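Have a look at the structure below, then the notes.
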Amino acid sequence: MTTTHDIPELSIVIPCFNEVQNVAEICAEVTAEASRHAESHEIILIDNGSTDGTRTIMRNLCAADPRIRVIFNNRNYGQMRSPVYGIYQAEGRAVIGMCADFQDPPAMIGEFMDKWRGGAQVVLGQRRSEKASPLLRFSRWFGYRFLERFGDYPVIPGATGFGLFDREVVDTLAAWNEPEPFFRGMLVESGFELALIPFDRPQRAAGTSKNGVAALASFALSGLAGSAKSLLRLPLFLSVYIGLLALALLFAAPVALMIGGPVWTLLALALVFGIFAVLLLFLGLIGEQVRMLAERSRNVPLVIEQERINFPASRSAPASRTLIRRP
């Protein structure tokens, strides 16, 4: 059983995938900042199946500093599940999630801690500007607008998930057992007190970004699947509008008959639109059933661990399928 004095004030979780050029440097800078601003800290590196030598460097870092802990996933679980799983494994009274490529500046750790000590339960960095290609900027803008239009709760433009989360927030969201956790959306949905810190996002320090347009599209679709239940109801709304159009065409047929208009064309169109309305109605009802089934069947692991290093025995890998971080 973990005792109070074993619990660090701050946990910093850094997901990695092929970050051989960045992982040692980010750990050194994060260690320096955390040592200045927290009473005690741990760094959790969660590796998502790296193949470039990142894991060797991680083992060396763990051997040199017991405050650095590592989780090796048995495969790549994507950019949504693995980082969130790492956050759920943290023990700190406050938990910071950040990238390994220095686009999330370690220098902001002090600002996050000040906001948290001032009472904020969630502190998010809000991207004010970023050097990126026009296509990538447009993709991000479109993704935010799409989520804003169809999501079940407001999105925060420019918030990438880089931020600090209170212990209560982490434990609450872990208990939701989301199979595809859209974490930044869950933070808003949970209703915890939230503070924003605008910042100018720098370019990646080294290596190649894994968040291209295709990856962002996949991330947005996963977010929609988990946080836009209204989208499943879209066929229901369309069925109503198309059904009304079919009725309007049907009522227009007698008028066309009196003035010598295209009666049979109007009737044919009314029939076609009527059929589409019925099909969309049943598709919408099926979508509602799928949504209800998904709500009731969230009990799959976010990741399967291959190995963890430098964790105390009381924090061994979960043995069951449950996603809850600890019983």
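The values are calculated or read from the model by the stated rules, or taken from the named source; none is laboratory data. All figures in this text were calculated on a predicted structure; none of them were measured in a lab. Glycine also receives a Cβ, built like all others from the backbone with ideal geometry; neighbour counts cover every protein chain displayed.
Taking the stretch 1-56 as the range and being assigned to a strand (DSSP E or B) and touching a Leu at 6+ places or on another chain (Cβ under 7 Å) as the test, the residues that pass are Ile14, Cys16, His41. Against the list (1) within 19 Å of Gln126 (Cα to Cα); (2) touching a Lys or Arg at 6+ places or on another chain (Cβ under 8 Å); (3) at pLDDT 80 or above, the condition Asp171 fails is (1).
Annotation: Val70 fulfils all but one of (1) crowded, with 17+ Cβ neighbours inside 10 Å; (2) aliphatic (A, V, I, L, M); (3) in contact with an Asp or Glu (Cβ under 6 Å, 6 or more places away or on another chain); (4) farther than 16 Å from Asp101 by Cα; the unmet one is (3).
Assigned to a loop (DSSP other than H, G, I, E, B), modelled with pLDDT of 95 or more and either out of contact with any Ser or Thr (no Cβ under 8 Å at 6 or more places or on another chain) or loosely packed, with under 15 Cβ neighbours inside 10 Å (or both) - does that describe any residue in the stretch 132-149? No, there is no match, as no residue in the stretch 132-149 is assigned to a loop (DSSP other than H, G, I, E, B), modelled with pLDDT of 95 or more and either out of contact with any Ser or Thr (no Cβ under 8 Å at 6 or more places or on another chain) or loosely packed, with under 15 Cβ neighbours inside 10 Å (or both). Within the stretch 79-126, the set of residues being touching a Phe, Trp or Tyr at 6+ places or on another chain (Cβ under 7 Å) and acidic (Asp, Glu) comprises just one member, Asp104. The set of residues in the stretch 6-33 that are more than 18 Å from Asn60 (Cβ to Cβ) and among the charged types (D, E, K, R) comprises Asp6, Glu9, Glu33.
Can you name the residue in the stretch 156-189 that is more than 12 Å from the chain's Cα centre (by Cα) and small (Gly, Ala, Ser) and, of all such residues, is surrounded by the most Cβ atoms within 10 Å (Cβ to Cβ)? Per the criteria, the residue is Gly163. If you filter the stretch 170-192 down to residues that are in a helix (DSSP H, G or I) and among the charged types (D, E, K, R), you find that the one that is farthest from Ala90 (Cα to Cα) is Glu189. Within the stretch 15-53, the residues that satisfy the criterion of being crowded, with 21+ Cβ neighbours inside 10 Å and closer than 14 Å to Gly92 by Cα are Ala34, Ala38, His41, Glu42, Ile43, Ile44.
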